[in-house]
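Have a look at the structure below before the remarks.
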Amino acid sequence: MASLDYLDVYFSVQSFNEEELRGKSAVVIDVLRASSSIVTAMSNGARKVIPVEDMDAAVRIARNMDPNDYLLCGEKNGSKIEGYHLGNSPLEYDAETVADKTLILNTTNGTKAIKKAALANRIYVGCFLNQNSILEALKEHDDAIVLICSGWQGRLSLEDTLFAGSLISQMCGGKLPENTKDGVKVAFGLYEKFGGNLEAAIGSSDHAKRLKELVPDGDIPFASQVDLFDVLPGMKDGILINLNG
Ligand code: MLT
């Protein structure tokens with residue numbers, strides 16, 4: 001059985017420090033909803049995504065760009081930011097809206113996790129929608145790998161941990177080797193328990209409940225689909241591009 005001793009899982013943006021990622025590869029996960037929006041946007045032809053940690057950074061970057069080329073995107077505490085072109089629902093990121101555009105994306109936890117992973121050798125963005133692309137990319141690695149669940153303001157998120165568990169389950173063929181880190185065991189165990197009905201599990205999460213009051217219902221079933229898109233968002237010089245493009 002393949003060993004997974006090179007793999008770890010972090011459960012929130014606040015649960016690691018930047019230096020821990022030096023020399024490792026990272027998959028940043030924010031199923032609801034930043035990863036799902038990034039993957040959908042790239043599948044629908046967005047040229048690149050610039051993740052930022054706050055509104056000031058978004059405005060600074062936009063100031064130096066042609067207004068026809070970019071869209072300001074994102075949310076604060078789940079709601080679209082006033083004055084932005086798009087919120088953070090993957091359903092907003094259709095081809096008509098995002099094709100050939102640069103998206104400047106600012107979200108509560110997801111883009112902060114991506115920025116905080118800056119010292120990693122490689123940074124990918126993953127969710128159920130592009131699971132296979134992530135698995136294929138990870139096969140190429142011989143460095144340590146960390147699955148970074150963005151969580152919610154320092155807390156664990158069920159949906160992100162479930163996706164980490166789904167990746168782990170695929171990587172070990174559904175049988176967890178003995179010599180694994182605690183985070184890997186926890187994510188795998190969660191997936192074993194709830195992976196049979198992803199939409200129901202994700203729909204029962206704390207963040208799904210928060211979003212219920214704020215956004216249309218479609219986001220949860222959409223983000224629960226596995227392998228809808230063959231895109232691999234990867235970081236190059238601070239900008240996410242589709243490495244499968
Ligand atoms: C985040 O970054 O925390 C999320 O993507 C929030 C959301 O859009 O629901």
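The values are calculated or read from the model by the stated rules, or taken from the named source; none is laboratory data. Please read these numbers as outputs of a predicted model, since none were measured by experiment. Counting neighbours? That spans all protein chains shown, and the Cβs are built from the backbone with ideal geometry, glycine included. Please note that ligands, DNA and RNA were not included when accessible areas were found on the heavy atoms of the full protein model with its side chains. Shrake-Rupley method; radii C 1.70, N 1.55, O 1.52, S 1.80 Å.
Under the classification rounded if a/c is under 1.5, otherwise prolate if a/b is larger than b/c and oblate if not, where does the stretch 72-212 fall, given a ≥ b ≥ c as square roots of the Cα gyration tensor eigenvalues?
prolate
If you filter the stretch 97-192 for trypsin sites (Lys or Arg not before Pro), then keep DSSP loop positions with at most 11 other Cβ within 10 Å, what is left?
Here the trypsin sites (Lys or Arg not before Pro) that fit, given the DSSP loop and packing criteria, are K175.
Return the FRET efficiency for the residue pair A99, N179: r is the Cβ-Cβ distance, R0 is 35 Å, and the value is rounded to the nearest 0.05.
0.15
Using only DSSP helix segments of four residues or longer, with each worth -39500 (n - 2.57), what per-residue ellipticity at 222 nm results for the chain after dividing by its residue count and rounding to 500?
Rounded to the nearest 500, it is -9500 deg cm²/dmol.
Taking a ≥ b ≥ c as the square roots of the eigenvalues of the Cα gyration tensor of the stretch 173-224, is the shape rounded (a/c under 1.5), prolate (a/b larger than b/c) or oblate?
Cα axes put the stretch 173-224 in the prolate bin.
If N is the number of residues in the stretch 96-149, what value comes out of its Cα radius of gyration divided by 2.2 N^0.38 Å?
Cα-based Rg divided by the globular estimate yields 1.32.
Along the charge dipole of the chain, Cβ charges K/R +1 and D/E -1, which of Q225, T180, N17 sits furthest on the positive end?
Farthest towards the positive end: N17.
Could you provide, to the nearest whole Å², the per residue accessible area of the chain with probe 1.4 Å?
Value for the chain: 44 Å² per residue.
Are any of the pairs K24/K181; K48/K112; K24/K115; K185/K212; K24/K236; K112/K139 more than 19 Å apart by Cα-Cα distance, and if so, which?
Checking Cα-Cα distances, K185/K212; K112/K139 exceed 19 Å.
What is the log10 of I(q)/I(0) for the stretch 130-196, computed with the Debye formula using one identical point scatterer on each Cα and no solvent, at q = 0.13, 0.15 Å⁻¹?
-0.35, -0.47
Using 0.36 nm per residue of separation minus the Cα-Cα distance, give me the extension gain between V59 and H141 in nm, one decimal.
26.0 nm
For the chain, which whole percent of the accessible surface, found with a 1.4 angstrom probe, sits on carbon and sulfur atoms?
Carbon and sulfur: 46 percent of the exposed surface of the chain.
Classify the stretch 42-102: rounded, prolate or oblate, from the alpha-carbon gyration tensor (a ≥ b ≥ c, eigenvalue square roots; a/c under 1.5 rounded; otherwise prolate if a/b is larger than b/c)?
Oblate.
Name the long-range amide H neighbours of A144: under 5 Å, sequence gap of 5 or more, or other chain; modelled H, no Pro or chain starts.
S25
Using only the Cα atoms of the chain, what do you get for the radius of gyration and for Dmax, in Å?
Answer for the chain, Rg first and Dmax second: 16.7, 54 Å.
For D56, D219, write out the residues from largest to smallest accessible area, computed with a 1.4 angstrom probe and no ligands counted.
These residues rank, largest area first, as D56, D219.
Can you list the HN-Hα couplings for the stretch 175-182, worked out from phi with the Karplus curve (6.51, -1.76, 1.60; θ = phi - 60°), rounded to whole Hz and with x for Gly and Pro?
10, 6, x, 5, 7, 10, 6, 4
For D227, what accessible surface area do you get with a 1.4 Å probe? Give it in Å², rounded to 10.
The accessible area comes out at roughly 70 Å².
Assigning unit charges at the beta carbon (Lys, Arg +1; Asp, Glu -1) and nothing else, what dipole magnitude in debye, to the nearest 20, does the stretch 65-169 show about its Cα centre?
Approximately 500 debye in magnitude.
On full extension of the chain, what length is gained from A118 through E18, given 0.36 nm per residue of separation minus the C-alpha to C-alpha distance?
Length gained between A118 and E18: 35.3 nm.
Among A113, S205, G189, which residue has its Cα furthest toward the positive end of the charge dipole of the chain, with +1 on Lys/Arg Cβ and -1 on Asp/Glu Cβ?
A113
Could you give the dipole magnitude of the chain about its Cα centre, charging the beta-carbon of Lys and Arg +1 and that of Asp and Glu -1, in debye to the nearest 20?
With only Lys, Arg, Asp and Glu charged at Cβ, the dipole is about 300 debye.
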